[in-house]
Amino acid sequence: TTQQMSMETKAKAEASSVPEVKQKELLAEIEKLKEELTKLRNISAYKDGDQPLSLENKKAGCPPVSCNLKIRRTLKGHQGKIYDLDWGNEGKTHVLSAAADGKLILWDAYLQTKAHAIPLRSNWVMTCALSPSETFVASGGLDNACTIYNISETMGQYVKNQKPKCVLEQHEGYLSSCKFIGNKRMLTASGDKTCILWDIETAKALKVFDDHTADVTSLAISKENGTFISGGIDKNAILYDYREKKGRVLKFPGHEGDVNSVAYFPGGVAFGTASNDNACRLFDIRCGRQVQRYVSERYHGGPATAIAFSITGNLMFAGYDYQNNACLAWDTRTAKVSQVLSGHQNRVSCMGVSGAGSALCTGSWDGSLRIWAK
């Protein structure tokens, strides 16, 4: 009947309108959550003298953290500026370095000797990485590619034209950083604004991460889960989960200059950044905001170039491009300088803490690596 047809038409119309109404409700809820997140982040307070971590430390009454590191080894052998370094796995004493002389050198930091050296195809190297098994080393730079070598069979030998295991090519800009994920995958960052996850065996790209709006400068891999942090010239740090299809989890704004270096805080719940705005910052992933800021006009007045954390997280180490070429050891909780590490004769370009946490290695444009320990 006409009445039945009218009722059916009305029911269909109501049914078809339900998803649209729900969609509007969800969009409104998303906007509301975004506003709440912005308030919680409170970016306007990122320069305040008392940051959340400082306030909590005052309430707890924790004593200041002392630091008394000394130069225990100086590794010399490069004939150009050192751009990157990478420590071996926990329990190992190997350090890999890459320099403008076009060489990768694997050092025994304890014995103060060279364990291996590889002349590269290009002198314009900017980054290097050592696999957890220490079977592979990788490098990249202005050649826009990541080249991986198998050193297990040539360890200790000088091979003038060592054949690469594979060359990972897809980036359209310089390679700024590379990190092994286990022994079978590689993560790279580039001046083409992207990061790429690779399968080493097939030399194929598995996933592209393209959320930065300018050159990506640095990477840090979490040991606790399948996430990584990238920093870029767009002044942002971005948290990714490479296990997820979408990839990007959260963007962390706050810096007023290029983000030069990123490093995970022990435990993986936070990370640190070093920037051209002369400051280092600590971001807590759980609340999605900055919880501490490290800056001191007394000890430095130049860009922060590198960052690393002690194995306990009590200290944060930072390198600077400043007239005294010093590194600073910061008390992570109070943002006070615990020690000035002086010794390099030029810009400190890279640093890292050993897997066992017993030593800090710093690399410089003066062509040397220095091992600091108690």
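The values are calculated or read from the model by the stated rules, or taken from the named source; none is laboratory data. All of these numbers come straight from a predicted model, not from anything done at the bench. Note that each Cβ is placed from the backbone with ideal geometry, even for glycine, and that neighbours are counted across all protein chains shown. With ligands, DNA and RNA removed, areas are computed over all heavy atoms of the protein, side chains included. Shrake-Rupley method; radii C 1.70, N 1.55, O 1.52, S 1.80 Å.
Brief remarks follow.
- The residues of segment 280-326 that are surrounded by fewer than 23 Cβ atoms within 10 Å (Cβ to Cβ), more than 17 Å from Leu341 (Cα to Cα) and aliphatic (A, V, I, L, M), listed by number, are Ile285, Val291, Ile311.
- Within segment 25-77, being open to solvent by 90 Å² or more (accessible area, probe 1.4 Å), at pLDDT 85 or above and not in a helix (DSSP H, G or I) holds for Pro63, Pro64, Ser66, Asn68, Lys70, Arg72, Lys76.
- Taking segment 330-353 as the range and being under 19 Å from the mean Cα position of the chain (by Cα), surrounded by fewer than 23 Cβ atoms within 10 Å (Cβ to Cβ) and of a type in the set (Gly, Ala, Ser) as the test, only Gly352 passes.
- Strands (runs of 3 or more DSSP E) (entirely within segment 161-259) containing at least 2 residues that are among the basic types (Lys, Arg): 204-209, 248-252
- Enumeration of residues in segment 93-118 that are open to solvent by 10 Å² or more (accessible area, probe 1.4 Å) and among the polar types (S, T, N, Q): Thr93, Gln112, Thr113
- None of Val137, Val95, Val125 is modelled with pLDDT of 95 or more, farther than 17 Å from Met351 by Cα and of a type in the set (A, V, I, L, M) except Val137.
- Residue match in segment 283-297 (condition: in contact (Cβ under 8 Å) with a residue 24 or more places away in the chain, touching a Gly at 6+ places or on another chain (Cβ under 9 Å), part of a loop (DSSP other than H, G, I, E, B) and over 22 Å from Glu36 (Cα atoms)): no
- Given (1) touching a residue at least 24 places away in the same chain (Cβ under 8 Å); (2) open to solvent by less than 20 Å² (accessible area, probe 1.4 Å), index of the condition Lys251 fails: (2)
- Single match in Asp108, Asp86, Asp143 (criterion: touching a Gly at 6+ places or on another chain (Cβ under 8 Å), in contact (Cβ under 8 Å) with a residue 12 or more places away in the chain and not β-branched (Val, Ile, Thr)): Asp86
- Test: residue in segment 260-270 that is among the hydrophobic types (A, V, I, L, M, F, W, C), open to solvent by less than 40 Å² (accessible area, probe 1.4 Å) and more than 20 Å from Ile43 (Cα to Cα): yes
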